[in-house]
Each structure stands twice: as structure tokens, then as C-alpha cells.
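Step one of this worksheet: look at the structure below.
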Amino acid sequence: MNKLIVSLFAIAALLAGCGNNPPADQGPAAPVESRGADSGTGVAKVTVDNVDSSGLPRELTDPKSILSKRSIYFDLDKYDIKDEYKDLVAAHAKFLNANRGFKVLLQGNTDERGSREYNLSLGQKRADAVKKSLILLGVKEDQVESVSLGKEKPSCTESTEDCWSKNRRADILYKGPSGKGEF
Amino acid sequence: MSAISRRLFLGFALLLAGAASAQLSIEITGAGANRIPVAIADFAGDAGLARALTSVIRGDLERSGLFRLVDTSGAALNESSAIDFVDWKDRGADAIAAGSLGTAPDGRLEARFRLHDVNKQVTLGGAAYVTSTAQLRAAGHRIADAIYEKLTGEKGIFSTRIAYVVKSAGRYELQIADADGQNAQPALVSKEPIISPTWSPDGSRVAYVSFENKKPIIFVHSLATGKRQVVANFKGSNSAPAWSPDGSRLAIVLTKDGNSQIYTVAADGSGVQRLTTSPAIDTEPRWAADGSALYFTSDRGGSPQIYRASADGSGAQRVTFDGSYNVSPRPAPDGKTLAYITRREGRFQLAVMDVASRQVQVLTDSHKDESPSFAPNGRMILIATEMGGRGVLSAVSSDGRIKQRLSISAGDVREPAWGPFLR
């Protein structure tokens, strides 16, 4: 039996090595504790400049800034921006008006029910609603692109109304004048 | 067994399952009412190869749901054997096929067979196919197609291929497999979703929508070379490709001018023309096989319904009226029926409509059916559905009687597209 276990061990380890980046915690036969290359050094990373890792200014990503809020949620079968999100959209419009070199990609999303392609068109309506508001508030057409991810990129994957309401959403992604950013 | 060795065992089994996960497995969950009893004698020749060939032929015919395999034990036959028709009638066979795996004059492997009508006591025909060990399954599918066509009068689909998308832990694969789920090969691997694959009429290319650039873009992908061409990457969303019957153009959905509307574009991405002009969503275009009409989904009447227009998009007429959600139209190859997805009491199910009489039949009792795709002979419809919380494919005969389930051990299978007849 010991011999059998050892040979299974060897084969399993060999197969695991062939896989595409198997997560370390799932390696069924990993003989030693596996660690990421940069973990366990005990040094906290502090960044002092006002640009984050995506190359965007801090005011777009700092959790304390309203501009770090990038999601607008919609009711079932609704494609208009609810009153509670008007200040958020206005804040993004203000930033884009003051920073003409910045662009946004608006991604519309839907819940999981129904045809993938029809949902793609419904998600487009949500992204378009945000785009229309931004344009009305003075943002230039060439700063904005509205697209849809349909039901393909749910942020929540259970078949419950609570989950579905999180997926009826439009997200705002930024790109700076240097071309660096989130899309 | 100690806990550690049990864990190892489990781990090993999981790894094996992972290694085998590219293969679809097919389970028959319903069969036709009047199945033709057919005997497929063990092919003569090299024992191992001949057994493999025989089992491909038998598997194809049995899975079709149209045949019942008659026991052939004790029979040692090949394509030139005289057939004892009385004996085979006693065994309950209406037809018998016998053959062998031999060597062609040029030295290559050759699969030969002959098919006989037991009741009429005549030979229905036969053929020989040059093959190889690697191509043995293909030869089996060819023979099964020939037997199927002789006995049913319609072309077989055993030599066709299917495309589908497998989603597993942050990874999407567009796979191409034989119609029996074997021989699956990835054509595209991506971290982002891939949807709406659709075969060019000649079977050499697949058009699809990829989200690899954070938005939907349409590609045409040549399967043999892996060469990919961007066909539509306009501002906004680019989706829902459908080939014209002659393979020269694609109907596509763009939002570059506002709401989702149907356009056409040449297969090389040139010459975009707008087809529909409505203030609503127009999507999921599909040309009828003869090119005479264009079906699509639109919510211009307040709810998503299927419309039929001229091939140029003009003169749209509403086709579906039952219920408030009818989408994903797929005209059958003969144009007589239309498959689509209908929502009934919150369940999304496959339905077919007789185009002339407008009679509708719901074919499934599942609740998350999506993306129907006709086999090129119109006999079966492949759909994506959900079983036990996992995406699986299901093939349903267009009369609803025969049902097969195709699942994959590790991951969700979705977005099926049945390829054309092999040329």
C-alpha cells in the first residue's frame, strides 16, 4: 500500500505540474506549504504619489472620494437612472468636464434571465442611459463609449432577486490622457 | 485506508477527471416511438480496430434514437458474405450491415460495408472509405451516415461537428467536437466570455463575440489555421453574428448609431450596411436557409418578440404572439419550422413553430433553455440548458420525442452551434 501511495503521489504531483497555474491551496498532493513569491516578508507597501497602480489620479480611486463609486444600479426592466444616483453621475460629469483628456467606458449589465444576445441589448440601454446623462451635463461625445456585457459578467452569481439586483448595473471605467487606466 | 491516502486518492481521481474534462459525455434520455431494428455485425479484420469501428457505427445509430440495435452475437460476416435473410428476420432485424477493415490496393487502411434489407431480401448498397488508425472514428461516422440515409431517407449528421463554449474557473474555451462529443479541441481560450459562435456555411470558419477587450467585438476565426479576423469593432457593442447562406456576408448587431440595430458586413469586415431602422432593440438576426427572409428579435411592440422581414430587413411582420418573451429565432434548414426560446410561467423553454400554420409546440420541460441550433438535416435541435445548477447541452428531436444530454465533467457548457454537413 505504501508503495502505491507513493506512486499515486508522484503521478498526481506530475499531473498537477502540467496544469495551468493550479491554485496553490488546491494542489491535492502538494508536499510542502506553498507561498506566493512576495508574501511573508512582513513589509507593508506604502505608495505616496497621487497616482494609483492603474495610472489614474487618486481622486478617482480613493474610497473617500465620490468618484471612486462607479456603479449605478437599476430596477427590474428599468433603464432610467434613479434619483439616488443623479449626484454620482453629476460628480463624474464634473470631473470629465474639468479633465477633457479623460475618457470613460460605460459597461451595462443585466441579470441572468433570458437570451444572452437580448440581454446584451438590454445592458446597452443601461450604459446608454448613463452616457446620455453625462452628455446632457456637458461631457463630450468622444470622452464616452457605452457598451454592454449583457449577462456575461455578473458580480453576483446566485439565482436570487438579491443577486439579480446587484447585476442590473452600469459600471464606469476610466482612462487617463496617457492611455493608462481601467480599459 | 488512512485519511491522508484517501485524500491522495481523491486528489488523483480529481486530476484524472480534470484531464478527461475536455470530453463531452452523451446520455440518452428519450427515444423515438418506432425505432428501426437494425443489425450491425462485428466488422471483420484487425480485432481491436474493427471492434472500435463497429462500436462507433452502433453508437451513432443508437444515439440517434431512430434505431434499435439487434443482437448479432455468433455472426461472422463481412461485406461479401451471403446473408441468411430468414435467420435475421427471426432475430427481428429489418436491416443488416456487415463489413470489414482491410487494406486498399495502395496499402492504406480501408473500411468497407454493405447494407441489406431483410424483408425485401435485397442489398441496399455499400461503400468503401480509405482511412487510417487516427481517422477510424471518422470512417465509422461516414458508414453510420450512409446506413442512416439508406434507412431513413434523410442525410445523417454523424460526420458533422459542433462548437460550444466551456466555462470553468475564470476561463472560457471555444471548443470544436465531433457531433458525438468526442475529439473535442479548443479553438480559442480566453479569460473573458465568448458567446454566439456560428459556423460559416462551408464549415471552415466560426464567427463569435469575444469580450477580451472589455467590450463585445465580433471575430471570424478560421479553424484550421487559427487565424482570427476582427469583423466588427465599432464604437459601442458589436454582437449577434449570423452568416448569409452563401457565406459572403454576416448579419450583425451594432450600437454605433444608438440603439441595437441590425446591419450586414462582408466576412472580411468591409462594407457595413444598415438593415433595420427602429427606435427599439432589434437583435438576434438569422437568415432563412434559402436567403428569402430574415428573422430577428425586437421589442418594438413592447415585449421581445420574433419578427420576419425580407432578406434586406424591409417589411417586418411579427411572428410570435403567445406570451411576453419569445426570442432567439432559428429557422430550420428546410424553412418549414422555426425554433426559438419562449418564456412560460417564468421558465425559458425551447419551442418550435410550424411556419405555415403558426402552430406552436413547446419541446422541453426544462427552465433555462438558451441558444437553439438545428442539426443540418433539421432532425435535432441542440440547446444549452441547466441541470443541477450546471450548464449542459441537450439535443432534442424536432418532434420532441428524442432527447440527449451532453455534459462535461468540469465546467459549464453553453452556446452550442451545430456545424454544416461535411463536404
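All of (1) within 14 Å of chain A (Cβ to nearest Cβ); (2) touching a strand residue (DSSP E or B) at 6+ places or on another chain (Cβ under 9 Å) hold for B:Pro376 with one exception: (1). The residues of the stretch B:285-303 that are within 14 Å of another protein chain (Cβ to nearest Cβ), in contact with a Lys or Arg (Cβ under 9 Å, 6 or more places away or on another chain) and under 21 Å from B:Ala332 (Cα atoms), listed by number, are B:Arg286, B:Tyr295, B:Phe296, B:Ser298.
Among the residues of the stretch B:321-362, the ones that are closer than 15 Å to B:Thr385 by Cβ and polar (S, T, N, Q) come to 3 in all.
When B:Val220 is tested against (1) at pLDDT below 95; (2) touching a strand residue (DSSP E or B) at 6+ places or on another chain (Cβ under 9 Å), just one condition goes unmet, and that condition is (1). Just checking, does the stretch B:124-147 include any residue being farther than 15 Å from B:Ala44 by Cα, of a type outside the set (Phe, Trp, Tyr) and over 27 Å from the mean Cα position of the chain (by Cα)? Checking the stretch B:124-147: at least one residue is farther than 15 Å from B:Ala44 by Cα, of a type outside the set (Phe, Trp, Tyr) and over 27 Å from the mean Cα position of the chain (by Cα). Within the stretch B:257-290, the residues that satisfy the criterion of being more than 22 Å from the chain's Cα centre (by Cα), surrounded by fewer than 24 Cβ atoms within 10 Å (Cβ to Cβ) and of a type in the set (D, E, K, R) are B:Asp257, B:Asp268, B:Arg274.
Being assigned to a strand (DSSP E or B), over 22 Å from B:Glu154 (Cα atoms) and free of Cβ contacts under 8 Å to residues at least 60 places away in the same chain: is that true of B:Thr320 here? For B:Thr320, the condition - assigned to a strand (DSSP E or B), over 22 Å from B:Glu154 (Cα atoms) and free of Cβ contacts under 8 Å to residues at least 60 places away in the same chain - is not met. Out of everything in the stretch A:168-183 that is of a type outside the set (A, V, I, L, M, F, W, C) and in contact with a Phe, Trp or Tyr (Cβ under 9 Å, 6 or more places away or on another chain), what residue ends up being surrounded by the fewest Cβ atoms within 10 Å (Cβ to Cβ)? Residue satisfying both the conditions and the ranking: A:Pro177.
Here is a yes/no grid of residues against (1) aliphatic (A, V, I, L, M); (2) under 22 Å from B:Gly236 (Cβ atoms); (3) in the same structural domain as A:Ile81 (by TED's automatic domain parsing):
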site	(1), (2), (3)
A:Ala98	yes, no, yes
A:Lys103	no, yes, yes
A:Leu120	yes, yes, yes
A:Lys131	no, yes, yes
A:Leu134	yes, yes, yes
A:Val139	yes, yes, yes
A:Gly150	no, yes, yes
A:Cys163	no, no, yes
A:Ala170	yes, yes, yes
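The rows are residues; the columns are (1) within 30 Å of A:Lys153 (Cβ to Cβ); (2) modelled with pLDDT of 95 or more; (3) surrounded by 22 or more Cβ atoms within 10 Å (Cβ to Cβ); (4) within 14 Å of chain A (Cβ to nearest Cβ).
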position: B:Gly126; (1), (2), (3), (4): no, yes, no, no
position: B:Ala134; (1), (2), (3), (4): no, no, no, no
position: B:Lys150; (1), (2), (3), (4): no, yes, no, no
position: B:Ser168; (1), (2), (3), (4): yes, no, no, yes
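Whenever a residue of the stretch B:399-423 is of a type in the set (Ser, Thr, Tyr), its partners that are at pLDDT 85 or above, lying with C-beta atoms within less than 9 angstrom and at least six residues away or across chains, give the pairs B:Ser407/B:Met387; B:Ser407/B:Arg390; B:Ser407/B:Gly391; B:Ser407/B:Val392; B:Ser407/B:Leu393; B:Ser407/B:Val413.
Restricting attention to the stretch B:388-412, the residues that are assigned to a strand (DSSP E or B) and away from chain A (no Cβ under 14 Å) total 12. Selection of the stretch B:60-97 for residues being under 16 Å from B:Ala146 (Cα atoms) and among the β-branched types (Val, Ile, Thr) yields only B:Ile96.
Just to be sure before I move on: is B:Pro376 within 17 Å of B:Pro197 (Cα to Cα) and part of a loop (DSSP other than H, G, I, E, B) in the structure I sent? Yes: the conditions hold for B:Pro376.
Within the stretch B:257-266, is even one residue more than 14 Å from every other protein chain (Cβ to nearest Cβ) and farther than 21 Å from B:Ala316 by Cβ? Scanning the stretch B:257-266 turns up at least one residue that is more than 14 Å from every other protein chain (Cβ to nearest Cβ) and farther than 21 Å from B:Ala316 by Cβ.
No other residue among B:Arg249, B:Arg228, B:Arg300 is among the basic types (Lys, Arg), closer than 30 Å to B:Gly346 by Cβ and surrounded by 14 or more Cβ atoms within 10 Å (Cβ to Cβ) apart from B:Arg300.
Only one of the listed residues (B:Ser357, B:Ser366) is at pLDDT below 95 and either part of a loop (DSSP other than H, G, I, E, B) or farther than 20 Å from B:Ala417 by Cα (or both). That residue is B:Ser366.
Exactly one residue among B:Gly181, B:Gly271 is assigned to a loop (DSSP other than H, G, I, E, B) and touching a residue at least 60 places away in the same chain (Cβ under 8 Å), and that residue is B:Gly181. Evaluating B:Lys215 against the criteria (1) without any contact (Cβ under 8 Å) to a residue 24 or more places away in the chain; (2) within 14 Å of chain A (Cβ to nearest Cβ); (3) touching a His at 6+ places or on another chain (Cβ under 8 Å) leaves one unmet condition, (3).
The values are calculated or read from the model by the stated rules, or taken from the named source; none is laboratory data. Every value quoted in this text rests on a predicted model; they were computed, and no experiment measured them. Reconstructed Cβ throughout: ideal geometry from the backbone, glycine too, with neighbour counts over all protein chains shown.
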